[in-house]
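Visitor: Let me begin by handing over the structure; questions about it come next.
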Amino acid sequence: MRILQVGILLMLAAVTVAAQNPPAGQPPAGTQPPGGPGGPGGGQRRGPIQVMTLTTAAWSDGGMIPAKHTQAGAQLSPALSWSNVPEGTQSFVLIARDLDAAIGNGTDDILHWMLWNIPGATRSLPEGLPQGAQLPDGTRQISASGPYYRGPGAPSAGPPHHYTFELYALDEIINVPAVGQSPPLTRTAVLAAMAGRVRGKAAYVGLFKR
């Protein structure tokens with residue numbers, strides 16, 4: 001399990017680096033104009049990335065995800081909570097994905113849930129978050145299927161899949177709409193908007209197979 005956790009932290013670092021290097025010709029989305037916080041473009045770092053703690057009472061880290069949170073059950077999003085948040089956090093991004101479901105050219109994976117612009121004062125999410133592109137508190141969400149949580153659905157054949165929930169603390173609210181483009185493009189835009197804005201991160205893993 002320790003090896004898996006180290007691997008997840010390395011992947012988190014890779015996502016952060018990817019966010020800081022958007023595709024050629026595409027400036028980071030959602031950054032503030034010159035003169036805003038962090039200097040020109042808002043991309044200047046303000047210190048090391050802080051390790052936060054992300055947890056759920058639904059299953060232990062690296063344990064089996066209960067059926068009610070999966071496609072074999074009610075597909076309720078799990079209750080999550082976090083701590084050790086960096087000072088100056090303005091918003092959070094949460095990304096849930098299947099590490100064992102490579103798609104496209106094999107470098108991408110299935111996006112089961114992405115929330116962004118979670119208010120910086122938030123320290124938890126309730127079970128069964130409602131559907132909708134934007135929630136009353138300003139949080140925006142998508143998945144590969146639509147504007148809602150998509151539960152794990154790994155087939156019965158083969159080993160359980162690893163589902164990672166990754167939380168990022170940002171020093172700004174990012175201006176990426178939840179509608180108007182496909183989930184993959186929205187995901188890319190959110191990652192680009194995170195460039196230079198990540199101040200803390202955490203990960204939690206669950207396993208599932210039908």
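The values are calculated or read from the model by the stated rules, or taken from the named source; none is laboratory data. Treat the numbers as computed from the prediction; the structure is a model and nothing was measured. Note that each Cβ is placed from the backbone with ideal geometry, even for glycine, and that neighbours are counted across all protein chains shown.
Visitor: Only one of these conditions is not met by Asp100: (1) more than 27 Å from Arg197 (Cβ to Cβ); (2) assigned to a loop (DSSP other than H, G, I, E, B); (3) acidic (Asp, Glu). Which number is it?
Guide: For Asp100, the exception is condition (2).
Visitor: Can you name the number of the only condition in (1) in contact with a Gly (Cβ under 9 Å, 6 or more places away or on another chain); (2) assigned to a strand (DSSP E or B) that Asp109 fails?
Guide: All conditions pass for Asp109, except number (1).
Visitor: Something else: Between residues in region 59-74 that are free of Cβ contacts under 8 Å to residues at least 40 places away in the same chain and residues that are part of a loop (DSSP other than H, G, I, E, B) and among the aliphatic types (A, V, I, L, M), which pairs lie under 6 Å by C-beta distance while being six or more apart or on different chains?
Guide: These pairs meet every condition: Pro66/Ala58; Lys68/Ala74; Lys68/Leu76.
Visitor: Out of the residues in region 59-79 that are in a helix (DSSP H, G or I) and of a type outside the set (A, V, I, L, M), state the one that is farthest from Phe165 (Cα to Cα). Show your work before the answer.
Guide: Step one: list which residues in region 59-79 are in a helix (DSSP H, G or I), which gives 67-69.
Now restrict to residues that are of a type outside the set (A, V, I, L, M): 68-69.
Details: Lys68: 17, His69: 13 Å.
This residue is Lys68.
Visitor: Here's another thing I want to ask about it. When the residues of region 66-97 are filtered to those that are hydrophobic (A, V, I, L, M, F, W, C) and more than 30 Å from Gly196 (Cα to Cα), which remaining residue is surrounded by the fewest Cβ atoms within 10 Å (Cβ to Cβ)? Write out each step before concluding.
Guide: Of all residues in region 66-97, those hydrophobic (A, V, I, L, M, F, W, C) come to 67, 72, 74, 76, 79-80, 82, 85, 92-96.
Next, from what is left, pick out any that are more than 30 Å from Gly196 (Cα to Cα): 67, 72, 74, 76.
On the way: Ala67: 15, Ala72: 18, Ala74: 11, Leu76: 17.
Filtering first and then ranking leaves Ala74.
Visitor: Now, a different point. Consider Asp108 carefully, then state whether it is modelled with pLDDT under 95, surrounded by 21 or more Cβ atoms within 10 Å (Cβ to Cβ) and acidic (Asp, Glu).
Guide: Working: modelled with pLDDT under 95: yes; surrounded by 21 or more Cβ atoms within 10 Å (Cβ to Cβ): no; acidic (Asp, Glu): yes.
No.
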